[in-house]
Each structure stands twice: as structure tokens, then as C-alpha cells.
Amino acid sequence: MITVAIIDDDDDTVQVFAECLEFLGVKVVSVGYDGKQAVEIYKKYRPDVLFLDLMMPGYDGIYGLKEIRAIDPQSKVIIVCADLTAKDEEELDKLKPTKIVFKPFDVKKLRVTLDEITKTDSHVINSVDNAKKALVSFTVMETLLQIGPSISNEVGSRLYAKYHCYFSDCL
């Protein structure tokens, strides 16, 4: 499940956007209302994607994006805005947000955008995770077999009896 955080100074926008994302099967881990909170939320939750409003009083989206990029240059930050000024475009060109999404939101486009920016990474992560699980499973099985085949059989039988899975599945 994709995790996101939403940062926008308008409480109604945050609530509607959160409901929309949850409808899409996305888990909203936190919400905030300015760029400073965006940085704190990113540090604490490390969401897969952070939706960051550009125009907010006090600490704006430029501040938030700049600080988050300093923490994690690979972070996935989607800038949300109604329009862009030339100055904003110049700043965003330097900071390289993952995407820019314009208000009002189109639910179908949001789903496509989230799929685009999370698909490649999740495939690579899943491949690496599966390889690690296979290596751990192989190592544990080899160790059990070196101790003795009866030990390996006993561990396998107990796992199956208790969890209804084979040894490699239980890892």
C-alpha cells in the first residue's frame, strides 16, 4: 500500500484530498498545514509520496521542498498548486519536484500519477526483498540440515502444524 502525507493550508482541501486518496486505496499517514510541518512529517513518517501545496502563508511549499530535498534527494514530492508564477517555475526547476499537480484534482489522473512514480521503485524493492527472503530461507534450511535431517523435518512439521505453511513461506 502506498503511503502519503498531505500538506495544505486549507483544512477542507486536506480532508477532501485525504478521503479521495483513501478511496483510491492509498494510506494517508499524516497531514500538515505549512512547509515547516511538511519537513517534520517527512522526517517522522518517510511517506512514499508527499503532496505539498505550493502557496501557503509562512513556510510555503518551496521551503518544504528545499528542506526535504536536503534530507533525501530521492524523496517523492508532488507539488500541488492552482497556478504557477514565473518565479515559482524557476524555483521548482532548481528543486525538481517529482510532479506538479494542479487544483482542482482529477481522481483518475491522481491514480495514474501515483502509479507512475511508485511502480518502478516497488518492483525493484519487491525483487530485492524476495531475493533476501530466499537467501535467508536457504541459509536457515542449510543450517538445519547440517545439524541433522531430523531437526529440519521437526521444524518444518511444527511450522506447518501451527501456521499451515511450508518453511520458506513462513519467513
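Across every direction, the projection of the convex hull enclosing the Cα atoms of the stretch 7-123 has a mean area of 6.8 nm². Per residue, the accessible area of the stretch 49-108 comes to 55 Å² when a 1.4 Å probe rolls over the protein heavy atoms. Taken along the Cα-to-beta-carbon direction at a fixed 7 Å, the label points for GLU19 and LEU145 span 5.7 nm. Each other residue within a Cβ distance under 10 Å of PHE102 adds +1 if Lys or Arg and -1 if Asp or Glu, for a net charge of 0. Each label was represented as a point 7 Å from its Cα along the Cα-to-Cβ direction; for THR3 and LYS99 these points are 2.0 nm apart. When the pairs LYS43/LYS76; LYS36/LYS96; LYS76/LYS119; LYS36/LYS66; LYS44/LYS66; LYS36/LYS108 are compared against a 21 Å limit on Cα-Cα distance, LYS36/LYS108 fall above it.
The values are calculated or read from the model by the stated rules, or taken from the named source; none is laboratory data. Note that the structure is predicted; figures quoted are calculated from it, not measured. Note: ideal-geometry Cβ built from the backbone for every residue, glycine included; neighbour counts use all protein chains shown. The protein model used for the area step is the full one, side chains on, heavy atoms only, and it has no ligands, DNA or RNA in it. Shrake-Rupley method; radii C 1.70, N 1.55, O 1.52, S 1.80 Å.
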